[in-house]
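Report on one structure; see the data block that follows.
FYI, it's all coordinate maths here, none of it is from the lab. Small disclaimer: the values here were computed from a predicted structure and weren't measured. Please note: Cβ atoms are built from the backbone with ideal geometry, for glycine as well, and neighbour counts cover all protein chains shown.
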């Protein structure tokens, strides 16, 4: 699927919904605190988040690095031989991106420091033709995205740093998607301090309500709306990336809430949320 179709599907899907929000179970929301996150306005200069009683320092971002290479592709596959007869040829291309950032986050008493890094690489086939609308159409063969962060408590639980890992991978050879549907990707997310483990699960909206009140499937497949954080088989947090909100369950102690807040803020600050759509945006901006 080329970049234009990918972006159009995402735009149409969003526009066709009356409200795109994370579906938060009532049983969880009645026992959790909902907090609007301020500061995620798209500007990366003097970026600072606040939600509930939590506030971050100014986020210090390092340089964004991106690189790529492209070279002619030789293929004897029947479909490529047919395309060459119509003067349609192809190149192989590979793109790499990475960035890092750090900040502190605190409430009235507790404070942690967060160090984070993103890495992304993609392999594409780019088709070339003298026909304008066919020129430079691309197809993704595979991509790998990794986000990692270290959360260091500064004035509590000293020596008990948490490591956050999130991975999103796609391989066209293993993908069984239908036309105009999201690809089948491998998603993995967790945070651990060596003793405890918090599972991080992406949340998707698969059904939409139209302006007339009817319910139907989301065009192009499920939309990524946020993340669920599960600790000891119980949901302790929900992150809404559509409306920039965080829920944290109430019956945690202050230090655990501080860790959940640190994880949630780091996830919201990463450049790529829906890698499937945002991989076409160029560098991580």
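Some points to look at:
- For the peptides 193-199, 159-165, the ranking by packing is 159-165, 193-199, with the highest mean count of neighbouring Cβ atoms within 10 Å listed first.
- Highest-first packing order for the peptide set 222-228, 265-271 is 265-271, 222-228, based on the mean count of other beta carbon atoms within 10 Å.
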